[in-house]
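To keep things clear, I will list the structure first and then write my remarks on it.
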Amino acid sequence: MLKRHAWRLCACISDTLRKTEFIQSGAVGGMASELDNDHMHMIKTKRSISVPCFDMVEVLDQIGVHHIDYFSLDVEGSEMIILESIRKKLISGKIVVNIWSIEYRTWDGKKNVVNKSFQNLQNLRLFFKNIGGYVEHSQLNNEPDDHRDGMALDVVFVRT
């Protein structure tokens, strides 16, 4: 029998904010301050709620975990903000993640915004290069015939 422990946090991860406005729009909702015009085209409602923010180490302290086997980061455009908020903790080893899958594609509701998607991918590559200890493993795509950079949904980084 597998003894898996999966955790979900319905909050914001930040090392500076204590709360943020979150636009509720199903799978395409996100932090109001981080949704660009392409993303806003998909949002049908402007209903927002105030969401509490917590430091990642504080959250992990509460559940007694600092080594994560698999971390899926899909937060509709705020991926880099979250990664930057834990940069020092990843470098210092306070937080250890074996495998990351991170959404990078920018979708406007009809198509992939390739130039933004490619830039997001480049930003993620630079982040993991700068913190060290990770290699890009693969990209995950729902279009089997297109493996060009900027065309996939997620990128996977693996700890070395």
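The values are calculated or read from the model by the stated rules, or taken from the named source; none is laboratory data. Small disclaimer: the values here were computed from a predicted structure and weren't measured. Neighbour counts run over all protein chains shown; Cβ positions are idealised from the backbone, glycine included.
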**Prompt:** Only one of (1) modelled with pLDDT of 95 or more; (2) closer than 15 Å to W7 by Cβ; (3) not hydroxyl-bearing (S, T, Y) is not met by L90, so which one is it?
**Reply:** (2)
**Meets criteria (surrounded by 12 or more Cβ atoms within 10 Å (Cβ to Cβ), modelled with pLDDT under 75 and in contact with a strand residue (DSSP E or B) (Cβ under 7 Å, 6 or more places away or on another chain)) for A32** = yes
**Prompt:** Taking the stretch 73-118, which residues are among the small types (G, A, S) and loosely packed, with under 13 Cβ neighbours inside 10 Å?
**Reply:** S92, G93, G109
**Message:** Could you go through the stretch 135-151 and let me know if any residue there is of a type in the set (A, V, I, L, M, F, W, C), surrounded by 19 or more Cβ atoms within 10 Å (Cβ to Cβ) and at pLDDT below 95.
**Reply:** no
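Each row is one residue, and each column tells you yes or no for (1) in contact with a Lys or Arg (Cβ under 7 Å, 6 or more places away or on another chain); (2) of a type in the set (G, A, S).
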residue	(1), (2)
S50	yes, yes
F71	no, no
L83	no, no
T106	yes, no
**Flag if T160 is more than 17 Å from I13 (Cβ to Cβ) and surrounded by fewer than 19 Cβ atoms within 10 Å (Cβ to Cβ)** = yes
**Request:** Quick one: which residue in V51, V97 is at pLDDT below 95 and either within 27 Å of E21 (Cβ to Cβ) or hydrophobic (A, V, I, L, M, F, W, C) (or both)?
**Result:** V51
